[in-house]
Each structure stands twice: as C-alpha cells, then as structure tokens.
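Derivation of every value follows stated rules applied to the coordinates shown; laboratory data play no part. The structure displayed is predicted, hence computed values, not measured ones. All Cβ positions, glycine included, derive from the backbone under ideal geometry; neighbour counts span all protein chains shown.
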Amino acid sequence: MAELQFDPGQPLRWELPAGEEPHRLQRKQGKAKVLEMEDLQFHRNSAVWLPDHGECHEAADGGAAGDRVTGLVVLEKVFAQAAADPSRSLLVVGHTDTTGEDEPNLYLSDLRARNVYAFLRGDRSGWVATCVERSKVEDVQQILHWAAAERGWDCRPGPVDDRLGPKTRAGIEGFQREFNADFEASVAVDGVVGPETWGAMFDVLSAALAARRGTDLAGLERERRSLAFHRPAAIGCGEVYPIEGSRKNDYRSQKNRRVELLFFEEGEAPAPVGGQGDCGLCALLYVKGSYDFEPIPCDPAPSPTLLRAYLQLRLQGPDGGWRPFPEGLAVRVLYANGTEQVRLVGEEGRLDFAVRRNGEAFTLRVDGEEACYYACDADGQEARAVGEGDLGALEEGWKWFRFPPGLGLDGGAWEVAGAG
C-alpha cells in the first residue's frame, strides 16, 4: 500500500505505483490566519468598505456611543499583523450571500476585494474606480457621519437613508469645504460625489489610519509598500462558500457578505491551478478540511468623542492696543496624536475647531510664510495679516510684528464645560 500526501497549497500531481494493494491518500491541512470584514463594514450591494457603522452619534448622556470593531480597526490590524510577522503573505477574498444571481454576486465579491486591496496598497485611483463603479448614497452618508465625528467637521448629512436630499448635499458640500481647508486642497464645493471627492475621502481615511498606526502619511506609505501580497492579491468567491445558511437560496446574511483577509505562512499559500482562475483558488481555500483558519482577534475601538471648540483670539498690537486676530488668517491645530487641522480665523478673531472630550493637548500654530506678520496703522483703526515680502510696501506710520509661532494648551489646561 502506498501512502501519498499532498499540500493544499500546491497543484495536485502524482504517480501511483502499480500493484494490487489499495492506495491511501492523505491530505495535509494548510494553516492561515484570518481577519473578517463583515457586512457591518459594507452596505448591501455596495463595494465600498466603511470606516465605521451606525451614524457615529454620541450617546444621549454625552458619553461614547459604545466601543466596537470598525472597518478602520480591522485594516489597522492588517498592518499590525504584517509588522509582527512580515514573512506571511496576504490574500484578500470577497464573498456575498445568496440573494441575487450567481454571476453578479461573483462580480460584486471581486469588487469588494479589490476595493479593500486598493486601499491597503495605497492605490488611490484604483480605490476611487471601485467606489465610482459600485457605491450607494448611504455609503457617502456613512462616511460623512464618520468624518464629522472623527475630525469635528461640519458635514453631517442627516439620517442614513440612501436618499440624496438637501441635507445630504449640504453635508457633502461641508465635507468638501472642510477637506479643502484641512488638506490645503481645491476640491469643487458642489455637493456632488464624483472621482474628485472620492479621492478626498481616500485621503481622509488614510490620514485616520496613519493616526491609528501612530505615524504620518509618509510612514503609512512605507508600511503599505512593505505588505507582502499573494498572487493574485484579491479574488472574489461569490456566494459559494457561506459561513451560515449553506445550500439556502435567497438567504440574506450579514455574516456571509464579507471580505476575508488571509495571512499565510511561507509555503502554505494556495497555488493557482492552471486555467481555473479565482474559482480554483476559492476551491483550494474553502473545500472542507483544506485549511485551518485561525481568527485574529480585533479589540474594539472607542467611539469618537469630539466636540467643537470656539476661541476668540486676540493679541496686543505694536501700538499697545488689543485686537482680534485678522479674519482669514490660517491657523494650524496640532494634536497630541500627531494629526492636525488647518482652520481660518473668522470674524472678531473667532476660531472654531475640533477637540476630544478627554482633554488631550493641542497647539495652535501661525507659522505660514504668506501671512505671518501683523500690521496696523498709526491710529489703530486698520489691521491686517501680511507676509514678509509685503512689509516694505506698508504705508508710512504703520507698525508691525511677527505672530507668535505657537500657542499651546496641554491636557490639564482646559476642560469641557456645559457639554452633554
């Protein structure tokens, strides 16, 4: 009797010796670690992964709405896992439930996998393309709610109802304005989510992921380049391999609508079978007993707890008088976690920006090259911000001085009052 063993990660080719004794085929079970992105991070019939689910509201008592595993938590865990074990290769696998037809479901599962893969790789245009091809209004509404909670932006769209009404258009315009201010961009403020605004959403999501990783966008780009992907890197398995409701048609399931992120040790990854494409890989992965999938735990993330802060900024000018900061002056707000916002001073020196309820430290900086000097006339009736190159052109009698480069408040110097 001959005993043969095959590896599920390799094509099945062998020769059996002739003889009368029976042959026994023994299959070696492969191993992989798996992260699940269930339908909490996707809307039905959409390929866009969501950074958070629910409407990101704060609880009625003013506290956090509850810790939960979000899309950002799962993707941050991808980078943590890759950093802890860089020898493993990563495969992104999309799935659907059994509602709808087989072929459209197969294509949707592939789009979802490519959407997640493009974001992990930092492929902005690829991510935008999948969003444009298969997205819904409720995806946009969800991301707007998240941005309002995460960054303190004025962009809430009203309820997540998949309707492009006046509130949603106003929320989109708010997002576009806030993005232009914080990212020094020039996205059209038109209330329309096309490729340009999807690209802005990619940038905001990337900045949030970088902050979760404790780095900046350049550091995140280095981490993205270090990810080792399987070839192919993203595949769709359609509705064929459900977690629940096996062999049930038209079975709507949140668990089955998912993207799985599979990490393989060296030599354990499935090898494509010639001519069978994604379907062949899916069969190698999910035929019962082929692989032992070890779940990677994800710790829930605290809900965003941002508040809107309003300051009136005044300074003592060169003539000794107190005046508000000039309207339109750009001020950078730097937070202890490394993120920042750029806000413009409003009327009477008013500056509004987001702060976290836990009272973390922040610093205000006025250190731009274009307008970093304060000038006023001899009578103190007129004042404005000017650049260094404009100082020589000031009228006779005008006085000026340079803005202080930074104004800081540490975590113990301010507190939330009257909120709730």
- Virtual spin-label span in nm between TRP322 and VAL34, 7 Å along Cα→Cβ: 6.4 nm
- Message: As an exercise, identify the GluC sites (Glu not before Pro) in region 142-223 lying in DSSP coil whose Cβ has no more than 16 other Cβ atoms within 10 Å.
- Response: GLU184
- Task: Obtain the nm distance between the two label points defined at GLU265 and GLN312 by a simple spin-label model: each point lies 7 Å from its Cα along the Cα-to-C-beta direction.
- Result: 6.7 nm
- Message: Please compute the modelled spin-label separation between ARG134 and VAL287, points set 7 Å along Cα→Cβ, answer in nm with one decimal.
- Response: 2.6 nm
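What full-extension length gain, to one decimal in nm, is calculated for GLU396 and LYS167 as 0.36 nm per residue of separation minus the Cα-Cα distance?
On the way: separation 229, 0.36 × 229 = 82.44 nm, distance 5.05 nm.
So the extension gain works out to 77.4 nm.
Once the piece of chain linking ARG350 and ARG225 is laid out straight, how much longer is it, given 0.36 nm per residue of separation minus the C-alpha distance between them?
On the way: separation 125, 0.36 × 125 = 45.00 nm, distance 4.20 nm.
Extending this stretch completely gives an extra 40.8 nm.
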